[in-house]
Amino acid sequence: MGRPGRGDQRRGRLRRAHSRHPQGRLHRRPDPREPYPRRGPPHPLRAVRVRRLRQPAATGTGIADILYGDAEPGGRLPVTFPADEHQGPTTYTGGKNDGAYGSITYDEGVHVGYKWYGKHRAEPLFPFGHGPSYTSFRYDSARVHSRGRGDEAAEVTVEVRNTGRRTGSDVVQVYTGHLPTATDTPARTLVGFARVELAAGRHRSVSVTVSRRALSYWDEDGNRWVTPTGKVPVHVGRCAVELDHVGTITVR
């Protein structure tokens, strides 16, 4: 979780020496298992921390636009940032000569990534799908329309309203709960999302289609996808932990 060598010590000395100035940090090698040391800034002058998941040519201009408010920070996390180095499905034990070390055992099954956090009710530092905004949004009138036996199992519709004072964008995320089967399935699975940009005070109806495959699981014995029939709970929100139950999909 720390930096190689004495990197953490040097960073601490620099922070103390420049504690009266805003700090900007650009991480070129993002690692979700190396979270920020704290949620808040190290000084009343707000610190700026930026992690880059990609490195396009105009990164500097893009970051400046976001910091000065000329652009909306509309990205969403494709990974989960753990609260500390001990949180998560597995850790690397290191070692060179011992057969019990130097390897990682992946035993979380289908509960990979954010699904592991949902199963164990663990609170991460930043959840999957998380993303900030310079404005605020409200979701209203969420509805679920089941579509029967076709490739499209359902359509989820929600009214999104920009309740802030400036134009901004949001990403409506749709998750399903456990599938109606005795087979172990995740408590939350992302099955669709839609991006919407709204001016201040405006609202729009946003629809997300849920495919039948998204309501299926892989049968190892039968070597095929299985879609169990029954009712599947549907949740809508802005990330994997900020969700509201809005209805069910009836799978036939």
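The values are calculated or read from the model by the stated rules, or taken from the named source; none is laboratory data. Quick caveat: nothing in here was measured; it's all calculated off a predicted structure. Note: ideal-geometry Cβ built from the backbone for every residue, glycine included; neighbour counts use all protein chains shown.
In this structure, is T93 modelled with pLDDT of 95 or more and surrounded by fewer than 19 Cβ atoms within 10 Å (Cβ to Cβ)? Give the steps one after another, and end with the answer.
Numbers: modelled with pLDDT of 95 or more: no; surrounded by fewer than 19 Cβ atoms within 10 Å (Cβ to Cβ): yes.
Considered against the rule, which asks whether it is modelled with pLDDT of 95 or more and surrounded by fewer than 19 Cβ atoms within 10 Å (Cβ to Cβ), T93 comes out as no.
Check region 114-121 and report whether any residue there is at pLDDT 90 or above and exposed (fewer than 11 other Cβ atoms within 10 Å of the Cβ).
First pass over region 114-121, keeping only residues at pLDDT 90 or above: 114-121.
Then keep just the ones that are exposed (fewer than 11 other Cβ atoms within 10 Å of the Cβ); that gives 121.
Checking region 114-121: at least one residue is at pLDDT 90 or above and exposed (fewer than 11 other Cβ atoms within 10 Å of the Cβ).
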Exercise. Residue check, G222 against (1) touching a helix residue (DSSP H, G or I) at 6+ places or on another chain (Cβ under 9 Å); (2) modelled with pLDDT under 95, all met but one. Which one?
Worked result: (1)
Exercise. Given the conditions (1) more than 26 Å from T183 (Cα to Cα); (2) modelled with pLDDT under 90, and given that F137 satisfies all but one, which numbered condition is not satisfied?
Worked result: (2)
